[in-house]
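Asker: Please see the structure below; I have some questions.
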Amino acid sequence: MDIPLEEPVLTRSLHPSLVWLMAITCGLTAANLYYNQPLLVTIGRSFQVSDHWASLLATAPQVGYTLGMLLLVPLGDRLERKRLIVGLSLGAVACLILSATAPSYGVLLGVSVLLGGCSAVPQLVLPMAVQLTHPAERGRIIGRIMSGLLLGILLSRTVSGYLGAQLGWRTVYAGAAGVGLVLTGLLSWKLPTNPPAFLGSYAALMRSLAVLVRELPLLRRSALVGGSIFGAFSVFWTTLVFYLESPAYQYGSAVAGSFGLVGALGALVAPLAGTWVDKYGSDKVITFGIGLTLLAYLVLGCAGSLLAGLIVGVILLDSGVQAAHVANQTLIFSLRPEARSRLNTVYMTGYFAGGSVGSVLGGLAWTHGGWTGVCAVGASCLILALVLHRSLGNQTRI
């Protein structure tokens, strides 16, 4: 059963140092899912597998992340969150070490799924931050933490692309394991305790997810819309390395990874998006984010063969995705204070399920339709997101 959670009367903001730690934690942990993307060609060659099979390595961590959110993140409402966060961080370090020493493609693929599951830490950190933040400042704090998350996702590609080109792809995983171990120590030292709000069994906890989905139409809408948007995001980033190494550009993994620096400009939108949500409401910011991301695919489709067009498209894409995501999460966290980990589970499961589908569709689109096919599939995901957002926006039940 849930313990009714009264919103605490907070007289001061969350301490900036703790916000920074949470943002860094989200960034470094989420990076685990994306280190391999600029290295897909290199890893594929080292194990002598095709581009199609190599592209599945981008999907595997996202599948694991989705499973981790579905099966582990709800425990944030039942167990003490700090202990759970530290335990998962240690699990991620172990998986990174196994990835660095993987003897075969099959082993790396399997460990990548486990790594994704253990990297669901940001989805426990965010509900903790919300619980410790004044309601009037939630959008801003979520935006700041999400900027760290996006920077981790995008800069991980830059770091792994460069290190992979210079020192080999195994070094990327080994280095990430060392950083993860230091981060785990900091979390154990600095994170506050965060008592649970659910007293029932694990089975009852999981059953309550279905209740939340059934009773909260805005939660259902956010999961569907978020999944469609992140699907479009994954279509692009899964296939970018193949496009850049094709005859159109003939660049290597280091250049592919450097596009993470370009996309990192989108992280600047996160705090702004949080402020916009606090001021204008979530719906308007979600619509804006979808429109910006759709514009990105228009630019990528028409001018992606030009380096300037590709750069502009990346900035627009990551800015739009970030704005919509911050707005969606601010919305869902306001629905049931005592069930924030489970609300986040439902939303992020839909979000990363969409991302996993997007990675698969992106690989297929590249194989069968080239860059034009990739842009068409990405834009289709966004049109679906816009239709869902607008058609379900005013309904109380769907």
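Asker: Going residue by residue through region 156-164, is there one that turns out to be closer than 14 Å to Asn36 by Cα and under 13 Å from the mean Cα position of the chain (by Cα)?
Answerer: Yes - at least one qualifying residue is present in region 156-164.
Asker: Next question, about the same structure. Name the single residue that is farthest from Gly274 (Cα to Cα) among those in region 324-342 being among the aliphatic types (A, V, I, L, M) and more than 13 Å from the chain's Cα centre (by Cα).
Answerer: Ranking the qualifying residues of region 324-342, first place goes to Ala339.
Asker: Still on this structure, I have one more. Restricted to region 90-136, and to residues that are among the polar types (S, T, N, Q) and under 17 Å from Ser55 (Cα atoms), which residue is surrounded by the fewest Cβ atoms within 10 Å (Cβ to Cβ)?
Answerer: Applying the filter and picking the extreme gives Ser104.
Asker: Could you list, in sequence order, all residues of region 170-199 that are more than 17 Å from Asp77 (Cβ to Cβ), among the hydrophobic types (A, V, I, L, M, F, W, C), in contact (Cβ under 8 Å) with a residue 24 or more places away in the chain and open to solvent by 60 Å² or more (accessible area, probe 1.4 Å)?
Answerer: Val179, Leu181, Leu186 - these are the residues of region 170-199 that are more than 17 Å from Asp77 (Cβ to Cβ), among the hydrophobic types (A, V, I, L, M, F, W, C), in contact (Cβ under 8 Å) with a residue 24 or more places away in the chain and open to solvent by 60 Å² or more (accessible area, probe 1.4 Å).
Asker: I've got another one for you. What single numbered condition from (1) surrounded by fewer than 24 Cβ atoms within 10 Å (Cβ to Cβ); (2) closer than 18 Å to Ala273 by Cα fails to hold for Gln166?
Answerer: (2)
Here is a yes/no grid of residues against (1) free of Cβ contacts under 8 Å to residues at least 40 places away in the same chain; (2) within 22 Å of Glu215 (Cα to Cα):
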site	(1), (2)
Leu306	yes, no
Leu331	no, yes
Thr349	no, yes
Trp371	no, no
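Asker: Moving on. Here is a list: Thr367, Thr345. Which entry is surrounded by fewer than 23 Cβ atoms within 10 Å (Cβ to Cβ) and not in a loop (DSSP other than H, G, I, E, B)? Step through it out loud before you land on a result.
Answerer: Values: Thr345 fails: surrounded by fewer than 23 Cβ atoms within 10 Å (Cβ to Cβ).
Answer to the selection: Thr367.
Asker: Moving to a separate point now. So, restricting to helices (runs of 4 or more DSSP H) that lie completely within region 21-121, which ones have at least 1 residues that are modelled with pLDDT under 90 and closer than 28 Å to Tyr251 by Cα?
Answerer: Qualifying helices (runs of 4 or more DSSP H): 40-47, 51-71.
Asker: As an exercise: evaluate Met146 against (1) buried (at least 24 other Cβ atoms within 10 Å of the Cβ); (2) more than 29 Å from Val241 (Cβ to Cβ); (3) at pLDDT below 85 and give the number of the one condition it does not meet.
Answerer: Failed condition: (2).
Asker: Let me ask something additional. Looking at (1) buried (at least 23 other Cβ atoms within 10 Å of the Cβ); (2) of a type in the set (Asp, Glu); (3) over 18 Å from the mean Cα position of the chain (by Cα), find the lone condition where Asp318 falls short.
Answerer: Failed condition: (3).
Asker: If you don't mind, another one. Looking at region 322-342 only, could you name the residues that are of a type in the set (A, V, I, L, M, F, W, C), open to solvent by 10 Å² or more (accessible area, probe 1.4 Å) and part of a helix (DSSP H, G or I)? Give the derivation first.
Answerer: In the first step, residues of region 322-342 are kept if they are of a type in the set (A, V, I, L, M, F, W, C); the result is 323-324, 326-327, 331-333, 335, 339.
When the remaining residues are screened for being open to solvent by 10 Å² or more (accessible area, probe 1.4 Å), the result is 331, 335.
Passing the criteria: only Leu331.
The values are calculated or read from the model by the stated rules, or taken from the named source; none is laboratory data. Remember, it's a predicted structure, so these values are computed and weren't measured experimentally. Using ideal geometry, Cβ is built from the backbone for each residue, glycine included, and neighbour counts are taken over all protein chains shown. Surface areas here come from the heavy atoms of the whole protein model, side chains and all, with no ligands, DNA or RNA. Shrake-Rupley method; radii C 1.70, N 1.55, O 1.52, S 1.80 Å.
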